[in-house]
């Protein structure tokens, strides 16, 4: 009888856990307030799994501290898409869960800059970190101490928008280039 009760509880937890799904990273971002010197300061809970559908556009100075939390790129083209903002990202585990189409784990677009460090990026079907061409002058992007694996490109930057600093990243098992690629725009 005791075994049956334990089995029923375990099955209930498994079914309940799978039905729970992911928490939207966009909702967490939208509800975040200022802190630690940032206009928006997002601190993730490692016990929660997040859906990487985050778009940051014209948000000022943003800090995202993952604390080892898992972020899954499921339906979005980019796990974290940044435009016209300064965004620092650290301690996140970003994984492409849906391999249909080209996916980018972290995308810095026009007018964006920031620091990307101490993250683990897995299975970006296009690239782990992408730096898009920008016609404006800004501080640029610094990328260091990340682990990037199973991506077409580990780090991809446009010819006129190279990161300020790229160093001490572990990039392996990329199908195109093992570290970084500069592409013509």
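The values are calculated or read from the model by the stated rules, or taken from the named source; none is laboratory data. Remember, predicted model here, so these are calculated numbers, not experimental data. Note that we place each Cβ from the backbone using ideal geometry, even for glycine, and neighbour counts take in every protein chain shown.
Hey, among the residues in the range 133-149 that are in contact with a strand residue (DSSP E or B) (Cβ under 6 Å, 6 or more places away or on another chain) and assigned to a loop (DSSP other than H, G, I, E, B), which one's modelled with the lowest pLDDT?
138
Within the range 27-48, work out how many residues are within 24 Å of residue 103 (Cα to Cα) and buried (at least 18 other Cβ atoms within 10 Å of the Cβ).
The qualifying residues number 4.
Name the single residue, out of those in the range 49-79 being in contact (Cβ under 8 Å) with a residue 40 or more places away in the chain and part of a loop (DSSP other than H, G, I, E, B), that is surrounded by the fewest Cβ atoms within 10 Å (Cβ to Cβ).
Once the filter is applied, the top-ranked residue is 74.
Inspect the range 28-46 for any residue being under 15 Å from the mean Cα position of the chain (by Cα), modelled with pLDDT under 90 and outside any strand (DSSP E or B) and give the result as yes or no.
Scanning the range 28-46, I find no residue that is under 15 Å from the mean Cα position of the chain (by Cα), modelled with pLDDT under 90 and outside any strand (DSSP E or B), so the answer is no.
All but one of (1) closer than 22 Å to residue 165 by Cα; (2) touching a strand residue (DSSP E or B) at 6+ places or on another chain (Cβ under 6 Å) hold for residue 119, so report the exception by its number.
(2)
Hey, among 79, 68, which residue is at pLDDT 95 or above and under 28 Å from residue 99 (Cα atoms)? Lay out the reasoning, then the answer.
Working: 79 fails: at pLDDT 95 or above.
Result: 68 is the single residue among 79, 68 that is at pLDDT 95 or above and under 28 Å from residue 99 (Cα atoms).
Within the range 115-129, track down each residue that is surrounded by fewer than 24 Cβ atoms within 10 Å (Cβ to Cβ) and at pLDDT 90 or above.
115, 117, 118, 120, 122, listed by residue number.
Being more than 10 Å from the chain's Cα centre (by Cα), crowded, with 18+ Cβ neighbours inside 10 Å, outside any strand (DSSP E or B) and at pLDDT below 95 is the requirement here; does residue 19 meet it? Working first, answer last.
On the way: more than 10 Å from the chain's Cα centre (by Cα): yes; crowded, with 18+ Cβ neighbours inside 10 Å: no; outside any strand (DSSP E or B): yes; at pLDDT below 95: yes.
So residue 19 does not fit the description; no.
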